[in-house]
């Protein structure tokens, strides 16, 4: 008897959703989300994001003190945006897809402290945990200058507590670095696909790394179980955390401010298309929530996943969220994009932001390296393979019949000359030079 997935056999899913056949064959696909525009589930509100923004401002003096690389931004963790005109022209010529409007890079690869998008949500959740503990112990008030957290007495206080997380790499880096700096006993449960250099860097920063021979699902499950045994341990749960989500969501107003400073308009005549690499889904879903708060209906978010690990796409397509795995559909979850090597999506992200996502794309690993090399050659920016995923977005949207239908249905076809295509470069800032060169060599074959 065929295995059932959410009450349907694989053959029934293929009949009901023909895209499943292409997904199973590991073809690159564009899938439009039928839930886009549905009513808000109200799991997160704008006031939650406002609260997070205020908390990050309170911590800014502390961050500026212990992480000098944040000093120029006054202790805020933010990344630049770059117009990538040379890359845009190159892709138009080499790939055969002219990209009308502007191609812009959101360089979360250059986020201070941990060099990836995870510096937004991961660091935020650790800071919130620290604040709650210190306030509960009457050691801190919100009206204080949080630079006092650099005092040894706070480090000794936090050393009584522990932080744990399951990670493919980048979330572990962000939490391990800031957790250890504050003084927490920090454990990162890392899956087999995590890069060796990320494990080494975490140990160098003072975090304990527990390695697993299995994938992300095992690492996070084991981490969650072990953390539950310690009443003084806070587990950062990438599959279920609202705090991670709202930390990511603060990116929306930050980007809006950057656009205003650069004179970039986003409105009915200047649509914004954002292409976000996606693993478990918390990061891109949180960012999308923040973007919708900042730009409303004028922003269109597409998630991009590896052809071998499109867990979020399958979660939305089936409506099963975290109750589905890529392995249910015969996929192996093997990809060079280590940060995206996740077999099962976040339930929280799917429920909180599933109605905000325009669609999902998949991309082949070889194309990731092609884009990585093109970005280095044309714009001199280094990123890691997973961070290059968003660059497939404009090509898929503009060349694909479904993409053209999306533009027509949303009355955007005649607005594309003024469109902004923003690819979110989610990581790579801390990749060692020898690893960067190895990526480049692979891309040059």
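The values are calculated or read from the model by the stated rules, or taken from the named source; none is laboratory data. The shown structure was predicted, so the numbers you read here are calculated from the model rather than taken from an experiment. When we count neighbours, we look across all protein chains shown, and the Cβ atoms used for this are built from the backbone with ideal geometry, even at glycine.
Quick grid of which residues meet (1) in contact (Cβ under 8 Å) with a residue 40 or more places away in the chain; (2) out of contact with any strand residue (DSSP E or B) (no Cβ under 6 Å at 6 or more places or on another chain):
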| position | (1), (2) |
| --- | --- |
| 256 | no, yes |
| 278 | yes, no |
| 288 | yes, no |
| 301 | yes, no |
| 315 | no, yes |
| 318 | yes, yes |
| 330 | yes, yes |
| 341 | yes, yes |
| 347 | yes, yes |
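Against the definition (surrounded by fewer than 24 Cβ atoms within 10 Å (Cβ to Cβ) and touching a helix residue (DSSP H, G or I) at 6+ places or on another chain (Cβ under 9 Å)), how does residue 123 come out, yes or no?
When the stated conditions are applied, residue 123 does not pass them.
Quick one: which helices (runs of 4 or more DSSP H) sit completely within the range 227-325 and have at least 1 residues that are within 13 Å of the chain's Cα centre (by Cα) and under 15 Å from residue 345 (Cα atoms)?
Correct list: 242-249, 282-295, 311-318.
Specify the residue that is farthest from the chain's Cα centre (by Cα); the eligible residues are those in the range 402-445 that are under 25 Å from residue 270 (Cβ atoms) and without any contact (Cβ under 8 Å) to a residue 24 or more places away in the chain.
Per the criteria, the residue is 414.
The conditions are (1) at pLDDT 95 or above; (2) over 30 Å from residue 21 (Cβ atoms), and residue 240 fails exactly one of them. Which is it?
For residue 240, the exception is condition (1).
Could you check the range 127-140 and list, in sequence order, the residues that are buried (at least 19 other Cβ atoms within 10 Å of the Cβ) and either within 13 Å of the chain's Cα centre (by Cα) or farther than 15 Å from residue 51 by Cα (or both)?
Correct list: 130, 133, 134, 140.
Residues that are at pLDDT 95 or above, closer than 30 Å to residue 140 by Cα and in the same structural domain as residue 396 (by TED's automatic domain parsing): find the strands (runs of 3 or more DSSP E) completely inside the range 1-109 holding 2 or more of those.
Correct list: empty, since no element meets the threshold.
Out of 234, 189, I need the residue that is in contact with a strand residue (DSSP E or B) (Cβ under 6 Å, 6 or more places away or on another chain) and buried (at least 24 other Cβ atoms within 10 Å of the Cβ). Which one?
Of the residues listed, the single one that is in contact with a strand residue (DSSP E or B) (Cβ under 6 Å, 6 or more places away or on another chain) and buried (at least 24 other Cβ atoms within 10 Å of the Cβ) is 189.
In the range 205-226, what residues are more than 25 Å from residue 341 (Cβ to Cβ) and in a helix (DSSP H, G or I)?
Of everything in the range 205-226, nothing turns out to be more than 25 Å from residue 341 (Cβ to Cβ) and in a helix (DSSP H, G or I).
Just one of (1) more than 25 Å from residue 383 (Cα to Cα); (2) buried (at least 23 other Cβ atoms within 10 Å of the Cβ); (3) out of contact with any strand residue (DSSP E or B) (no Cβ under 8 Å at 6 or more places or on another chain) trips up residue 177, so point out which.
So the condition that residue 177 fails would be (1).
Just one of 73, 85, 64 is surrounded by fewer than 17 Cβ atoms within 10 Å (Cβ to Cβ) and out of contact with any strand residue (DSSP E or B) (no Cβ under 8 Å at 6 or more places or on another chain); which is it?
73
Residue under question is residue 261, and the condition is that it be surrounded by fewer than 18 Cβ atoms within 10 Å (Cβ to Cβ) and touching a strand residue (DSSP E or B) at 6+ places or on another chain (Cβ under 7 Å); does it hold?
no
Restricting the range 361-370 to residues that are surrounded by fewer than 24 Cβ atoms within 10 Å (Cβ to Cβ) and in contact (Cβ under 8 Å) with a residue 12 or more places away in the chain, which is nearest to residue 318 (Cα to Cα)?
Looking at residues that are surrounded by fewer than 24 Cβ atoms within 10 Å (Cβ to Cβ) and in contact (Cβ under 8 Å) with a residue 12 or more places away in the chain, I get 364.
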